[in-house]
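Structure first, commentary second.
The values are calculated or read from the model by the stated rules, or taken from the named source; none is laboratory data. Just so we're clear, the structure is a prediction, and the values are computed from it rather than from any experiment. A quick note on method: Cβ atoms are made from the backbone with ideal geometry, for glycine too, and the neighbour counts reach across all protein chains shown. Only protein heavy atoms, including side chains, enter the accessible area calculation; ligands, DNA and RNA are left aside. Shrake-Rupley method; radii C 1.70, N 1.55, O 1.52, S 1.80 Å.
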Amino acid sequence: MNVKNSVNGGGKKPNFWGRSSIKLTQEFKDMIYSQYNSQETLYIYCDCSMNGKGNMMSIACSYVQKGSVTVNSNIIYTPSDCRGKNIYGELQAIVSGLLDFENHIDGFNTHVIIYSDVNHINQILSSKVTFKKGLSLIKQQQTLIQFLNLKQTQNPNLKISIEYLPIDFKYYNPFAKSAHNAARRLLNKPI
């Protein structure tokens, strides 16, 4: 994603979609521009990519606010009991966003919203869904819940939420795509 604010831009909105822009509703584009220009809310899009053997994953988070997108990515090595289970990396990506968001906020932020494409993330966070197999997944769920509670306690003036990113808002979403592409690129780099 190449986004550049400059005097030459003259205040024009960036076209994140190129020719595909005509396929999108104005409501969707307004939502994207609202997030991009938000002064009070930091939006974090998390994603994971897994290699073909399922033993190595990469995670990425895109931090969006104030006309800027910052993307961080990392390689993670999958525990043996989670090989081939993408959910482990998806949860690790959210943990990474929780651990790093304070580097992207300032005194004007009132909200942090972390998006994940895990469709049952709310049930995982409320422990309505628990993992029966795989000690590493059980620990990952516990770690996620503990870090969310810790960060909420440490930041009482911030509303921190983790939300499911529905498919309708995932396709053509430049921020979700930037996290996805960063994770995929990192995984495809030669080691």
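Okay, here's what the table says:
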read-out	value
Leading residue by the ranking (most open to solvent (accessible area, probe 1.4 Å)) among those in the stretch 160-176 that are in a helix (DSSP H, G or I) and farther than 18 Å from S96 by Cβ	D168
Contacts under 8 angstrom Cβ, first residue in the stretch 162-190 being more than 24 Å from L125 (Cβ to Cβ), partner surrounded by fewer than 21 Cβ atoms within 10 Å (Cβ to Cβ) and basic (K, R), 6 or more apart	Y172/K23
Filter result for K159 (more than 19 Å from I59 (Cβ to Cβ), under 17 Å from the mean Cα position of the chain (by Cα) and among the basic types (K, R))	yes
Members of the stretch 116-139 found to be modelled with pLDDT under 90 and of a type in the set (G, A, S), listed by number	S127, G134
Qualifying residue in the stretch 95-115 (condition: without any contact (Cβ under 8 Å) to a residue 60 or more places away in the chain and among the hydroxyl-bearing types (S, T, Y))	yes
Considering residues of the stretch 49-64 that are open to solvent by 10 Å² or more (accessible area, probe 1.4 Å) and in contact (Cβ under 8 Å) with a residue 12 or more places away in the chain only, the residue nearest to P14 (Cα to Cα)	M50
All positions within the stretch 124-138 that are assigned to a helix (DSSP H, G or I) and loosely packed, with under 13 Cβ neighbours inside 10 Å	L135
Flag for N157 being surrounded by 16 or more Cβ atoms within 10 Å (Cβ to Cβ), part of a loop (DSSP other than H, G, I, E, B) and either in contact (Cβ under 8 Å) with a residue 24 or more places away in the chain or touching a strand residue (DSSP E or B) at 6+ places or on another chain (Cβ under 7 Å) (or both)	no
Matching residues in the stretch 91-118 - criterion: being open to solvent by 30 Å² or more (accessible area, probe 1.4 Å) and either in contact with a Pro (Cβ under 8 Å, 6 or more places away or on another chain) or of a type in the set (G, A, S) (or both)	G107
Scope the stretch 15-40; condition of a type in the set (D, E, K, R) and within 14 Å of K66 (Cβ to Cβ); matching residues	E40
Tally, over the stretch 88-117, of residues that are within 14 Å of the chain's Cα centre (by Cα), over 18 Å from K177 (Cα atoms) and β-branched (V, I, T)	2
Single unsatisfied condition, G67 versus (1) open to solvent by 30 Å² or more (accessible area, probe 1.4 Å); (2) more than 16 Å from the chain's Cα centre (by Cα); (3) closer than 29 Å to F108 by Cβ	(1)
Pick from the stretch 141-154, criterion of a type outside the set (A, V, I, L, M) and open to solvent by less than 30 Å² (accessible area, probe 1.4 Å), ranking: farthest from D100 (Cα to Cα)	Q141
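Per-residue answers, yes or no, for (1) assigned to a strand (DSSP E or B); (2) of a type in the set (S, T, Y); (3) modelled with pLDDT under 95:
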{"position": "S49", "(1), (2), (3)": "yes, yes, yes"}
{"position": "C61", "(1), (2), (3)": "yes, no, no"}
{"position": "N72", "(1), (2), (3)": "yes, no, no"}
{"position": "D81", "(1), (2), (3)": "no, no, yes"}
{"position": "G97", "(1), (2), (3)": "no, no, no"}
{"position": "N109", "(1), (2), (3)": "no, no, yes"}
{"position": "I114", "(1), (2), (3)": "yes, no, no"}
